[in-house]
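Engineer: Okay, handing you the structure first.
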Amino acid sequence: MSDKGKARMAMRSKGRAAAMLAAAVLATAALATGTTSAQAETVQGKVVRVIDGDSVLLKAADDKPPIEIRLHGIDAPEGCQAGGPEAREALLEMLRGKLVSASMRGRDHYGRSLATLEVEGVIVNQRMVAEGHAWSLRTKWDRGPYVAQERVAQSLRRGLHAAGGAIAPAEFRRRNGPCGKPDGDGAAAAADAARDAGASAAAAAVPAAKAATAAPAATAPAASAYRCDSRTRCSQMRSCEEATWFLRHCPGVQMDGNGDGVPCERQWCGR
């Protein structure tokens, strides 16, 4: 074989090796990101509960329990954070009574399913960011999939960006801790702490009151710390103790979606 023929064979061998290497890299990337057709899954159903601005319970059209879903790629304000109740209400309005298609994207570190939700041709995750009810979820490597929509919402002062200076949830948690914990700064926090302390005594007395004909006299003042009013939702509560009192004493309360007797488990009474 001539030197020219040998050179052509060597070039073809290198080309085949490069193609095989590229295919292997693409296959590895697909497995890492969960984008292979074998892993792709779409679930359809209706949302039976909106937990907060980026978490829902989806009931599929089968006998299986509802799926807890964290909306992929977005981060909505905490329930006790400015904009949190509004974000939850906005998500509820988008999903209420509608058929929802959930494209599963794996699980988060809490074990919740990550998914992109679609309703009537609208990508819900994207819409939440575009309307200013959530941020594009930051990662170690980038600013998330909806950073363009976030920048538009900021420039137009939509939703939580209306007043300027909105704090991302991760930073809010770093500064203030989880929702339901008084920050100990100022008279308002002191008042909240005092009220919550009284409410704790009231909540502790409720089981005893059920077992006895009358509650102990010492708990009577604490029991009057709250009264039933028009509030029925977790976003309207200020603490786990208050939510517990409302669930046990007030009609029409919508704070215990799974019926386990513990209200507002995501916002206030997490175990």
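Engineer: Give, as ranges by residue number, the residues of region 111-134 whose backbone N falls under 17 Å from the point 7 Å along Cα→Cβ of Val147.
Structural biologist: 126, 129-130
Engineer: If R₀ is 30 angstrom, what is the calculated FRET efficiency for the pair Gln154 and Arg96, using the beta carbon separation as r and rounding to 0.05?
Structural biologist: Between Gln154 and Arg96 the formula returns 0.65.
Engineer: On to the next question. Find out how many positive minus negative residues lie around Gly132, taking Lys and Arg as positive, Asp and Glu as negative, among other residues whose Cβ is under 12 Å from that of Gly132.
Structural biologist: +1
Engineer: Using the Karplus curve 6.51 cos²θ - 1.76 cosθ + 1.60 with θ = phi - 60°, work out ³J(HN,Hα) for each residue of region 46-61 in order, rounded to whole Hz, and write x for Gly and Pro.
Structural biologist: Per-residue couplings from phi come out as 10, 6, 9, 7, 9, 6, 7, x, 9, 9, 9, 10, 10, 9, 6, 7 Hz.
Engineer: Now, a different point. How large a share of the accessible area of region 43-146, in percent, is made up of carbon and sulfur atoms when the probe is 1.4 Å and the other protein chains stay in place?
Structural biologist: Carbon with sulfur: 51 percent of the solvent-accessible area.
Engineer: Skipping prolines and chain starts, which residues have an amide H placed within reach, meaning under 5 Å, of the one on Leu114, given they are 5 or more residues away or on another chain?
Structural biologist: Arg70, Arg105, Gly106, Arg107, Asp108
The values are calculated or read from the model by the stated rules, or taken from the named source; none is laboratory data. Note that the structure is predicted; figures quoted are calculated from it, not measured. Neighbour counts are summed over all protein chains in view; Cβ atoms, including those assigned to glycine, are modelled from backbone coordinates with ideal geometry. Only protein heavy atoms, including side chains, enter the accessible area calculation; ligands, DNA and RNA are left aside. Shrake-Rupley method; radii C 1.70, N 1.55, O 1.52, S 1.80 Å.
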